[in-house]
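For reference, the structure discussed in these notes is given below.
The values are calculated or read from the model by the stated rules, or taken from the named source; none is laboratory data. Only a predicted model underlies this, so the values are computations on that prediction, with no experimental measurement involved. A quick note on method: Cβ atoms are made from the backbone with ideal geometry, for glycine too, and the neighbour counts reach across all protein chains shown.
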Amino acid sequence: MANGEVAEVGFIGHEGIVGSLQLLGPACLSTRCMMQLAGSGLLQRAFDDSEEVRKRILEFVQEQSAVVGQLAGCNRLHSAEQRLTRWLLMAQDRTHSDVLPFTQEYLAEMIGTQRTTITVLAGDLQERGLISYTRGNIHILDRDGVEAVTCGCYSITKSLHAALYGRDVTSGSNRSDFTAG
């Protein structure tokens, strides 16, 4: 935002490419990428030279466009608790890790709230036995319980992801029988 405030507008895991919209043309985008976990990049040349790479990137861009629209609505319409739990589930899906190394400050930026709100929400989720949280490390203890707290945006974004990649992001297994709907 012009005043320096930030909020999540997308979420990319190992399946995606940060800055993929930049590959489509010369327009300078006003978004900022925050990389919380290490990853590797793809060069413009691979996009230009390989039809298969280009096709996969364009599929990813399409999926991300649909997700951005869903997250915009989520950020406007749903509670901080619902946004936090959605974000944690998406992070776990993309990292395939039981431990998520996120500070309260970072989580506050991602879901568009104050750090003190994250402190209260994380404490409540921990008291309910859904997560454990210590010094920048979150462990989801009861995934079904966390899913019960989150808004419907999580299942929608999960379905969009599965439709593109043909697998359940929570398990990593292929799902050729998936039908979006």
Of Glu51, Glu59, Glu81, the only residue that is at pLDDT 90 or above and more than 27 Å from Ile118 (Cβ to Cβ) is Glu51
How do the pairs read when you match residues in region 150-170 that are under 21 Å from Ile131 (Cβ atoms) and outside any helix (DSSP H, G or I) with residues anywhere that are small (Gly, Ala, Ser) and modelled with pLDDT of 80 or more, using Cβ under 9 Å and keeping only pairs 6 or more apart or on different chains? Cys151/Ser79; Val169/Ala162
Those residues of region 99-114 that are closer than 18 Å to Tyr154 by Cβ and either outside any helix (DSSP H, G or I) or at pLDDT 95 or above (or both) come to a total of 4
Of everything in region 53-91, what is among the charged types (D, E, K, R), more than 18 Å from Ala163 (Cα to Cα) and within 13 Å of the chain's Cα centre (by Cα)? Give them in sequence order. Arg83, Arg86
How about region 115-137: which of its residues are at pLDDT 95 or above, surrounded by 12 or more Cβ atoms within 10 Å (Cβ to Cβ) and in a loop (DSSP other than H, G, I, E, B)? Arg128, Leu130
